[in-house]
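Input: a single structure, listed below in structure tokens.
The values are calculated or read from the model by the stated rules, or taken from the named source; none is laboratory data. What you are looking at is a predicted structure, and each value in this text was computed from that prediction instead of being measured. A quick note on method: Cβ atoms are made from the backbone with ideal geometry, for glycine too, and the neighbour counts reach across all protein chains shown.
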Amino acid sequence: MSREPQRPADQRQERPAADPPEDLDPYRISQSQVDRAAQFLPHVQPGLLAFLKQTSRMVIVDFPIETDDGTIRTFMGYRALHSRIRGPGKGGVRLHPDVTEDEVRGLASG
């Protein structure tokens, strides 16, 4: 059985630390984008920034549907309204069985 010779501690190769997993949550991404942009707007007060980052209204509905085979399935729906300060509201609507509340909030704020 052949063995590799042991290297002195100062010659061992260090493995780079693994990168943290990428955050793919659309709402947290939009929040961090606002924070990054705020660095270039030093005159914006923190209270105003917090207000601008909030979702104004979130409507959550769940409704039962009878499928073709007679079973009842319940579906969730989300509608987010981010802001109406500058006129008609920017909202997020997404039609998909795997959609999340944060995904719709992220769409509304972006």
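Figure legend. Inter-residue proximity from the stretch 64-83: first residues closer than 20 Å to G106 by Cβ, second residues acidic (D, E) and not in a strand (DSSP E or B), beta-carbon distance below 7 Å, spacing 6+ or different chains. Indicated pairs: Y78/E101.
Checking each residue in the stretch 25-63 for being in contact (Cβ under 8 Å) with a residue 40 or more places away in the chain and among the small types (G, A, S) picks out only S30. When Q45 is tested against (1) modelled with pLDDT of 85 or more; (2) surrounded by 12 or more Cβ atoms within 10 Å (Cβ to Cβ), just one condition goes unmet, and that condition is (2). The set of residues in the stretch 29-59 that are of a type in the set (A, V, I, L, M) and touching a Gly at 6+ places or on another chain (Cβ under 7 Å) contains only I29.
Quick one: count up the residues across the stretch 81-98 that are over 20 Å from A37 (Cβ atoms) and either surrounded by fewer than 12 Cβ atoms within 10 Å (Cβ to Cβ) or modelled with pLDDT of 85 or more (or both).
In the first step, residues of the stretch 81-98 are kept if they are over 20 Å from A37 (Cβ atoms); the result is 81, 84, 87-89, 91, 93-98.
From what's left, either surrounded by fewer than 12 Cβ atoms within 10 Å (Cβ to Cβ) or modelled with pLDDT of 85 or more (or both): 87-88, 95-98.
Total meeting the criteria: 6.
Could you grab me the full set of residues in the stretch 19-60 that are of a type in the set (V, I, T) and closer than 27 Å to M76 by Cβ? Passing the criteria: I29, V34, T55, V59, I60.
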